[in-house]
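Below is one structure; the comments refer to it alone.
Just so it is clear, none of the values below were taken in a lab; they were calculated from the coordinates. Not measured: the values here are computed from a predicted model. Cβ coordinates were reconstructed from backbone atoms using ideal geometry, including for glycine residues, and neighbour counts include every protein chain displayed.
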Amino acid sequence: MAESWLLLITGVLIAVLAPAGGVVAAGVVSRAAEQQSHASVPVSAVLTEDAPTVIGVDSPGGTTGRVHATVRWTARDGTVRTGVTAVQPGLRAGDRTTARVDRHGALLTDPVTPEDAVVQSVAVGIVAASTTGLLLIGADKAGVVLLNHRRYTQWEKEWAETDAQGRHRQP
């Protein structure tokens, strides 16, 4: 009976907490990407080298379908700067692109695109929901182990009492 209640409670908790955990985690990632987007400023930049034409490569920062190339841009203070950032593959030296700099004027190597933000939010949400569900299933299994341990201890006690009573009756 206790196992049935434990299973029911676990099922309800999984149904409620797993999706909630996924939504909360996805929201955190989404807000972080939004904050990065608001904290950065787009600047017009010119490629100083041809961008690689490799297609289908995903950089470590998650800019799917983008490659790294060196660009040149003019900072707010009028200085010309160069740096490496993610650009569309196949662009040529001299082509214009949009790069993003932070509030201090530093070039962002892998700025989060809206598509990246959605993919990351969904992925983190799924992982968080799955992890929450697995933790609750683990807690359920631990509860069953504890219940079984309690039962075995009780059975051993009852068997010992029964055995002791049987020994006292024999001549």
Q: Would you mind computing, in nm to one decimal, how far apart the modelled labels at Asn148 and Val16 are, each placed 7 Å from Cα along Cα→Cβ?
A: 2.8
Q: Go through Gly94, Leu7, Leu17 and say which Cα lies farthest out towards the positive end of the charge dipole of the range 2-143; charges sit on Cβ, +1 for Lys and Arg, -1 for Asp and Glu.
A: Gly94
Q) Say R0 is 41 Å: what FRET efficiency, to the nearest 0.05, do Ala164 and Leu7 get from their beta-carbon distance? A) 0.70
Q | Correct option for Rg and Dmax of the Cα atoms in Å [calculated from the coordinates] among (i) 30.1, 109; (ii) 14.6, 41; (iii) 15.7, 49 | A | (i)
Q. Once the Cβ-Cβ distance between Arg72 and Ala32 is put in as r, and R0 is 22 Å, what FRET efficiency do you end up with, to the nearest 0.05?
A. 0.15
Q | Amide N of the range 1-37 lying under 16 Å from the label point, which is placed 7 angstrom from the Cα of Trp155 along Cα→Cβ | A | 1-3
Q. If Lys and Arg each add +1 and Asp and Glu each add -1, what is the summed charge of the other residues whose beta carbon sits under 13 Å from the beta carbon of Leu7?
A. -1
